[in-house]
Structure formats: structure tokens, C-alpha cells
Amino acid sequence: MKSQLKILSGFIALALIVASCSENTNNPTTDGSYLQMKTGMTNQTVTSNFAKSGDAVQNGSGIDSIRVDSVRILIKRIKLHRSEDDTSGEAEDVKIGPTVIHFNNDTTDTQTIVFTTAIPVGSYRKMKMEMHRFTPGEAADYAADPEFGPFAFPDRLTIIVDGTVYVDSTSRAFQFTQDWTENFWFEFEPNLEITEGTTAIEWTFDASKVFRAADRLLDPDDENDHGNIGDGLKKAWKVFKKWHRD
């Protein structure tokens, strides 16, 4: 079964595949209705296409390649809005969060399960994802948490990207961070129907779109490149626009 997924926000394009199945080996429960989020990363390494003259890259930054090892995004809340056609008898919208959506550089092409959570049966028409910073009070509560702690102190971040920059025969690790905030809206056409079993939302992050400019590779350690890297992060998601039901 295929469907169109209309994106209400122009800020970001989401790679979204929704799959519903009666059994899932990754889900420890055997009955009820559940929402599961999975992630994967493609094109983890971006390589310079610019020719070298001696030791210098012509019209380039001097960087040979950049490998993205992980991307972490803080989502304070996911809200699923029920459709007007919902007949489940539940009037409340569903709220999930906070959660960290993480994409890992995995050469085995396996997916990462971000969470599996119980969700009421029903018909849902759109989803809101809030990429917001923790408040100071929330940051204090989460400071010691291994998952949320890096987003709490000292800077109350929303995005953390880890990787490696390669120049000639040398390499250096980097960590790119930002505290951007944004609400993302996604509308399901037709409605997303949650039934008994597990519904899995799969996100794909294309790392090759992040660090390439028109004439060079962008340096994550150069503050002058941070704006362009941010634009690349917004383009690193793709829409597959299909939805499978097994």
C-alpha cells in the first residue's frame, strides 16, 4: 500500500516509512498497540572532488573527506493529532517525549531502535515534533542522565554531530553542536491508522549532504562554515513517500 506524505513545514524534509505488522521481534511485548521509531544513516562519508596541486587543494578547504559517526537530535515532544474520522472513542491526542533521535554510522546497514512505546489504537492525521531546548529546570533534572545529559549542560543543545575530518595522512575528531529550536509538522495522507501490533516509523539521514559546499568541503571546526553546515543538516533528510502494511 502506498500513500503520499504531505509535509507542512518547508524547513526540513523527513525520510519517513511507516510499517505496521502483527509481530515484531524487536518488540518485547506480544499484545497491544505500539509505536516504534527506527533510524538509519546513508552515505556516511563525503569526499572532496577537487583536484590537488602539490599539497594544496585547488578552490578547496584542504579537507580530503569527512566521516559522520553519529547525529543526535533532541525532540522534547512528539504529538500525534487524531483525525476527525477517528472512531476509537479516544478524544485525546497522544504525546510522547522527550526523546533523542540518534543516527549511527553502522557499516552493517542495521537500523537503530530509538524507542518502542504503547500508543492507543486510532486514526491520526498529523504529527508535530518539537526540537526545543531544555529549560534550566529540566536541564538540572536531566544533567546526570546518560542519554539527555549532553543536551542539558553546559549549553542546553538540540543537535550534536560527531565525526572525523581527514586531511592528507592526518585525521581529527570533531563535534558540531547547535541549540536551534523548531517545530516540525507532518500530515499523513491518508490518515495513519494505528491497530493492534507495532507501527514502525523509519528515518533515514543522508550524511553526504551536510558538509559539501559548491566549491569545497565545509569545516565543522570553522565557525564561518557553521551556517552552511546548518543548511546542509536541513537537507540531510529525504522523503520516500511510501507506506507499507504487512
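The values are calculated or read from the model by the stated rules, or taken from the named source; none is laboratory data. As the structure is a computational prediction, the values presented were derived from the model and not from experiment. Quick reminder, even Gly has a Cβ in these numbers, built from the backbone with ideal geometry, and neighbours come from all protein chains shown.
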Checking R156 against (1) within 21 Å of M129 (Cα to Cα); (2) free of Cβ contacts under 8 Å to residues at least 40 places away in the same chain; (3) part of a strand (DSSP E or B), only one condition comes out false. Which one? (3)
Quick test for you: out of A139, A173, A144, pick the one residue that is free of Cβ contacts under 8 Å to residues at least 24 places away in the same chain and assigned to a strand (DSSP E or B). A173
Can W185 be described as at pLDDT below 90, crowded, with 19+ Cβ neighbours inside 10 Å and not polar (S, T, N, Q)? no
Within segment 222-239, does at least one residue satisfy the condition of being assigned to a strand (DSSP E or B) and under 28 Å from M37 (Cβ atoms)? yes
Among the residues of segment 106-146, what is the count of those that are in contact with a helix residue (DSSP H, G or I) (Cβ under 6 Å, 6 or more places away or on another chain) and under 16 Å from R77 (Cα atoms)? 3
I need the full set of residues from segment 159-180 which are within 28 Å of H81 (Cα to Cα) and touching a Lys or Arg at 6+ places or on another chain (Cβ under 6 Å), in order please. D179
Verdict on I101 being crowded, with 18+ Cβ neighbours inside 10 Å and either touching a His at 6+ places or on another chain (Cβ under 8 Å) or aliphatic (A, V, I, L, M) (or both): yes
Name the residue, out of I160, I119, I194, that is under 18 Å from the mean Cα position of the chain (by Cα) and not polar (S, T, N, Q). I160
Hey, does segment 196-219 have a residue that's free of Cβ contacts under 8 Å to residues at least 12 places away in the same chain, among the small types (G, A, S) and part of a strand (DSSP E or B)? no
Please enumerate the residues belonging to segment 36-66 that are within 27 Å of M129 (Cβ to Cβ) and either modelled with pLDDT of 95 or more or of a type in the set (A, V, I, L, M, F, W, C) (or both). M37, M41, V46, I66
From V100, V71, V114, grab the single residue that is out of contact with any Pro (no Cβ under 9 Å at 6 or more places or on another chain), at pLDDT 90 or above and either more than 19 Å from V210 (Cα to Cα) or not small (G, A, S) (or both). V71
Hits in segment 193-246 (condition: of a type in the set (D, E, K, R), in contact with a Ser or Thr (Cβ under 7 Å, 6 or more places away or on another chain), at pLDDT 85 or above and loosely packed, with under 15 Cβ neighbours inside 10 Å): E196
Is it true that D106 is over 25 Å from E182 (Cα atoms) and not in a strand (DSSP E or B)? yes
